[in-house]
Structure formats: C-alpha cells, structure tokens
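What follows is a set of notes on a single structure, which appears directly below.
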Amino acid sequence: MDLLGRVLLIDDDPFALETLTEAVARAGFTADTAGDVPAALEQLGRAHYDLVVADARTAVGDGLFERAAAEAAVLPPIVAIGPATMDFAVEAMRAGAVDYLAKPFHAADLLTAARRALGVARPAARTVDEASLTGPVRPAEFEELIGRNPRMQRVYNLIRTVAPASSTVLVTGESGTGKERVAEAIHRRSPRRAGPLVRVNCSAFAEGVLESELFGHEQGAFTGAVRGRAGVFRKADRGTLFLDEIGDLPHATQVKLLRAIQEREVQPVGGDSTVPVDVRLIAATNRELSAEVKAGRFREDLFFRLNVIPIHLPALRERPDDIPPLSEHFLAKFAAQSGKTVAGFTDRAIAAMERYGWPGNVRELENAIERAVVLVQGEVIDVADLPPEVRGGQAGADGTYQVNTVRLSEVEEIIIRRVLARTGWNIKRSAEMLGITRATLYSKIRKFGLAAVR
C-alpha cells in the first residue's frame, strides 16, 4: 500500500500506542508516537505531520488542543479516539477534533477517518449535535477481544506471533470466553486472510452427518445423497478452518481427522480417491483434552497434532478489571440497536457486576447488558436493571457464585425471540447473528416453543 502521510499518535498507554501504531501502519501511514502532551508538542515543533490521532482522555483532559493551537505553527487536523461514552466524543469535538474514532476499530475505519480529516481544516471550537456522531462509541480492544488485563495481553501477543505461521492452534477456555474471536483474529492477521474462514461446531452434528460436513460425500453415498458435497475442508482450501467443540468428536471421526491433518488430504464419504487440501486448522474446546486422553475418550496422537500452539482464554471472573470496558462495549452496541439513549452505568451497578462470578463468561455478560438496555427506564443502568443473580449473587463456600439458571434461560429466550423477529424468522440469518448453528437454533426454538408465536 502506498504511504498516505505522516501521523503523530498520542496516548499515555504504551499498549494502546502499540496497537494504534499497528493499525496506522496497516492503513498505509508512517507514524511517530508521544506518551503525553509535552512530548507531543515537542514532536509537533520538530517535524511536519499530516494528521494527529490522539486519545481523547489525554487530548482533552491534559489540554492538548489549547496548548497545540498556541504553540504549534501549523496544527494538523486531529482525530480523537476514545471510550464508549458519548460525553468524550462530544467534548473532543467541541474542543476542536475534526472527527471522533470510537475504539475498537480496524485499519479500514482509521483510513476512512483519516481521509475524512485530511480534507477538513481544523475548525474552531463548536457546538456538536450528538445525533450527528455516527457509529457506536466503544472501548479499546484487540481485534474483537476486549480487555487490558495482563492475561488478555498475553493472548494478544500470542495471536500476533502465531498468525503469520500455518501451524495448528488449539484454543481452550470455558464456554463464552471468546474462542471463536481468537480464531477470527488469527485469520485476519494471517497470510490466508484473503481466503475463507470456515466455522464448524463439531457438537452440532450426529456422527455420520459430521463426517459428511467435514470431508464431503459422493453422490449416492447414502440414502438422500442426491448430489455430492464438498465438505468444509475443501471449502476452506487456502484459508482457515475453525473446528469448535473439538472435544466432542466421535472416536471414528477422530481417526479420519487425524489422517486429514497428517496427509493434508480428505476422502469424501462414499468416495475411493482422496482430495488434497491446503488448510490452516484452528480447533477449540472447553474440555481438558489431556484429561479426555487419559480417560480414553480422545486420541493422544490427535491431541498432539492439535496442540501445536495452545492458547488459553481466561474466564471472566479471573479478569474482573475487564468487566467495565466490556460492559461499555455491549452497552453501546445494544443502545444503538434499540435506538435508546443510555449514557452508562452507576458505580453501584459496576461494583455488582465486578462482584459476580459470571459462570457464562463474556457471553453471559453480553446477555445481561442487552437485558438491562431493553428494560431500563432511565438513561443510566443501575443495580435494579441487572439480572437478579448479578445484583444479588453471593459467593458460595467454594468461591463460586450461585446462579438462577431459570432467569438465564429466560434471557436466552428473549434474545432468540428478538433475533427471529428482526430477521423475519430467517433461520440462516438468525443463527449467524446468534453465533450458533441452524441445528442448535432449531433445538432452541423447540425448547422454548417459539414456533407457536411465529
């Protein structure tokens, strides 16, 4: 990509600066960095910049706009970046930023904001119509994985390191921790990013159906096989194949998967010949596969083939400091979807969420925030707007939290109802929005008796 200009990046968080520098480079700019306003002013006085990208907290709180306007001979247009509160966006724009880029963002978002800013002279401080600020205002994240806890930073570093290779990755962690997001991040940063990312949940298919899903089948291979099927290995050729819930593979399928990995070829069900495939494999499980091997339920040789590069995602209860930014992210997302104005959370609500154990991890937190946004009557979410188990969760003797599973089931039903209604009962689209397979969605529809209200 041709270099588009020189950018000064300003943020007092070294990790955020590193992430921002990568995004700027991918967008096609060269960049210098500054950790505070004095360093930024020194850089502005020493070199020419086409654009400044500054953290809103640093820029507004430390007076960057006013001091730069007074001390810099020529002040480039400034794009402010900030957290998931409308207040920061409004304050930054009023202070003189020509645009506000909500974290998280991809290189394409930055490129769009930069091109927009480079076509606009720096305006005087002005009144901002909040409705004119487009796009959700969200907290910082790495790809789609939100959090700055040291454990998550180690995950980010692993993703950066392994993405350029073609080695198999095994992502482990409890349900709801974001294992699929890791696969997506690796794929986007890999040389295979132009190819497909194909996802399969291994627990969603019966054994015979799963083999056809993975390896394909020939016409007439079994009753109902009126035409041949390629299978996901072939669909993911020159791309990435993500096999979720790998610990649920039937033993016979484990044997065939091992052969496909070793030989880099698949044999369709009912076929006599093999087909070569070029696939980068990422597997995920919430099970302890080494224990499954000892119990004889999982092949040791397959485990070693999958566990080339292990990445473990911590449970949400192990990183409570990430609960506020995650909550802000989901608040912005669901407030935008519902068209409601919800400014944030009370301190009491944040404290309650930080005390709770979140057995369902990030997925449970997301559901809780969606419920709160739907039910809140005011503009701030308080403890009373949270699910009962969150606002009153008490730790048991073993340190875990007691959860009202009936209420969680009710929240799940509400979400599924809303998605089905939004898509006009399009099962394929609804399953994609929910991040589950069509088979799982049909199972949920039967479980909640939703077909009767279609």
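Listing for the model above:
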{"item": "Residues being modelled with pLDDT under 90, under 29 Å from E180 (Cα atoms) and among the basic types (K, R) - total across segment 341-388", "result": "1"}
{"item": "Residue satisfying condition, being assigned by TED's automatic domain parsing to the domain that holds L257, surrounded by 20 or more Cβ atoms within 10 Å (Cβ to Cβ) and either without any contact (Cβ under 8 Å) to a residue 24 or more places away in the chain or in a helix (DSSP H, G or I) (or both), within set L214, L170", "result": "L214"}
{"item": "In segment 178-191, the residues that are over 10 Å from the mean Cα position of the chain (by Cα) and not small (G, A, S)", "result": "I186, H187, R188, R189, P191"}
{"item": "Subset tally (residues that are in a loop (DSSP other than H, G, I, E, B), modelled with pLDDT of 70 or more and among the small types (G, A, S)) for segment 50-98", "result": "2"}
{"item": "Looking only at segment 279-304, and only at residues there that are of a type in the set (G, A, S) and under 14 Å from Q254 (Cα atoms), the one that is surrounded by the fewest Cβ atoms within 10 Å (Cβ to Cβ)", "result": "G296"}
{"item": "R138 being out of contact with any Asp or Glu (no Cβ under 6 Å at 6 or more places or on another chain) and at pLDDT 50 or above", "result": "no"}
{"item": "Unmet requirement for A183, which otherwise passes all of (1) touching a strand residue (DSSP E or B) at 6+ places or on another chain (Cβ under 8 Å); (2) aliphatic (A, V, I, L, M); (3) at pLDDT below 90", "result": "(3)"}
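The values are calculated or read from the model by the stated rules, or taken from the named source; none is laboratory data. Being a predicted model, the structure only gives us computed values, none of them experimental. Glycine also receives a Cβ, built like all others from the backbone with ideal geometry; neighbour counts cover every protein chain displayed.
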